[in-house]
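Questions regarding the structure given below will be posed in turn.
Read-outs throughout are calculated quantities, based only on the coordinates presented, and are distinct from any laboratory measurement. The shown structure was predicted, so the numbers you read here are calculated from the model rather than taken from an experiment.
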Amino acid sequence: MPKSDLRLDILGTSISISADEDAAYLEGLLGRFRAAIDNTQKSTGLKDPLKIAILTGFLLCDEVQKIKQQAEVRGEHEDRETEQLTLNLIARLDEALENKSLR
């Protein structure tokens, strides 16, 4: 995939980045980041760009961590469910084989 360039003009600073992602994806990410910054500013009343950036980054990391933990819990639940289904299937096969050998 070709690299995409994106210019970030946020919190009084400007940075250009190049990434191995689609330009539309990067623009979407930038929109989400801007929304997170706006939310941080509104909920805290902070005006210092550095503090806003740090707190926003922390809040986004918190969000990612919670999503990761939820996915792990779902995965563990699915693993237990798969194991139970497998054990039930084995028990049914054992029963069917026993019934066939008794005939």
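On a 0 to 90 degree scale, rounded to 10, what angle separates helix 23-44 from the longest Cα axis of the chain?
Compared with the principal axis, the helix lies near 70 degrees.
Enumerate the lysines that K66 could reach by cross-link, defined here as Cα to Cα under 29 Å, with residues fewer than 8 away along the same chain left out.
K42, K47, K51
Right, next: If you take the square roots of the eigenvalues of the alpha-carbon gyration tensor of the stretch 1-70 and sort them as a ≥ b ≥ c, do you get rounded (a/c under 1.5), prolate (a/b over b/c) or oblate?
Working: a/c = 2.55, a/b = 1.29, b/c = 1.97.
Oblate.
List the residues, sorted by chain then number, that are 5 or more residues from E21 or on another chain and whose placed amide H is less than 5 Å from its amide H.
Amide H neighbours of E21, under 5 Å, 5+ apart: S4.
Using helices alone, what [θ] at 222 nm do you get for the chain, with -39,500 (n - 2.57) per DSSP H run of 4 or more residues, divided over all residues and rounded to the nearest 500? It would help to have the intermediate numbers written out before the result.
Working: 2 runs with 76 residues, N = 103.
Estimated from H runs of four or more residues: -27000 deg cm²/dmol.
Next question, about the same structure. Compute the helix-to-body angle for 49-102: its Cα long axis versus the longest principal axis of the chain, expressed 0 to 90° and rounded to tens.
Value to nearest ten degrees: 10.
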